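Below: the structure, in structure tokens.
The values are calculated or read from the model by the stated rules, or taken from the named source; none is laboratory data. Every value quoted in this text rests on a predicted model; they were computed, and no experiment measured them. Here the Cβ positions follow ideal geometry from the backbone for every residue, glycine too, while neighbour counts run over all protein chains shown. These area figures cover heavy atoms from the full protein model, side chains too; ligands, DNA and RNA do not enter into them. Shrake-Rupley method; radii C 1.70, N 1.55, O 1.52, S 1.80 Å.
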Amino acid sequence: MQSNVVRFLMLIVGSVRDLAPIIVVVGFFQLVVLQQPIPNFSEILIGVVLVLLGLTLFIQGLELALFPIGEAMAVALAKKGSLFWLLTFAFALGFGTTAAEPALIAVAAEAAKVAASAGVVADNPEAQNTYAFYLRATVAVSVGIALVAGVFRILKGWPVHYLIIGGYVMVVAMTFLAPAEIIGIAYDSGGVTTSTITVPLVTALGVGLAQSIRGRNPMTDGFGLIAFASLTPMIFVMGFGMVWNLVA
């Protein structure tokens, strides 16, 4: 019991250390550059404390649940020897975690509002919700496909940089073909997919799979899935914009 308390306190200290640069930068610009007192200081202080506790509990949750379950399932499926179920799990994991990603939900909703104001979709809640839903679904499917490709790369031992270079060549080519209003959204979609829910499970999947396959090195083969997960949404969302313009 005492060791658990000590461990939790150490995690809190680590969270304070991680957030300290942000607090210092904000405090410096507010007090030294702007030379103004911090507004609503008591509320901000309470918020900082809640962020510290939330970050600490989140990290603890990663170590206790998400990382172990991701690695355990990857190892179990690899030992089962079924390529179909392994790839199905990779797709389902990528699709499910991305669809539930809070950052993607927020970006899709904001993109729908901007699309409505730009005349891309009708300016009513139903049309905006439909646009946001299809945008989220497109990103979720793209991440699922990315994990399938990444898992297949680990199984075959292909170098990750060739696939990444080829993917970004496709991104550049799609940029010249896609509608201008979707390009920024597509580029941002690649970033918001790799957030709090997706990253821990995807990382655990890659590392666990590489550890369970003879001849694979977790350092060189286990990582790289996150790069796929951030790359494919850009391609798919630009394709989504092209299709939407044709259908709408």
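Observations on the structure shown:
- Residues of region 34-54 classified as in a helix (DSSP H, G or I) and either over 15 Å from residue 9 (Cα atoms) or open to solvent by 50 Å² or more (accessible area, probe 1.4 Å) (or both), total: 12
- Residues of region 73-93 satisfying the condition of being aliphatic (A, V, I, L, M) and at pLDDT below 80: 73, 74, 75, 77, 78
- Residue count, region 221-247 (criterion: out of contact with any helix residue (DSSP H, G or I) (no Cβ under 8 Å at 6 or more places or on another chain) and free of Cβ contacts under 8 Å to residues at least 40 places away in the same chain): 3
- Within region 63-119, restricting attention to residues that are β-branched (Val, Ile, Thr) and out of contact with any helix residue (DSSP H, G or I) (no Cβ under 6 Å at 6 or more places or on another chain), the residue that is least open to solvent (accessible area, probe 1.4 Å) is 88.
- Matching residues, region 77-126, being among the charged types (D, E, K, R) and either in contact (Cβ under 8 Å) with a residue 60 or more places away in the chain or within 30 Å of residue 154 (Cα to Cα) (or both): 79, 80, 101
- Residue list for region 95-135, restricted to those being outside any helix (DSSP H, G or I) and more than 12 Å from residue 185 (Cβ to Cβ): 100, 101, 119, 121, 122, 123, 124
- Helices (runs of 4 or more DSSP H) contained in region 152-248 and holding at least 2 residues open to solvent by 60 Å² or more (accessible area, probe 1.4 Å): 160-177, 180-192, 225-247
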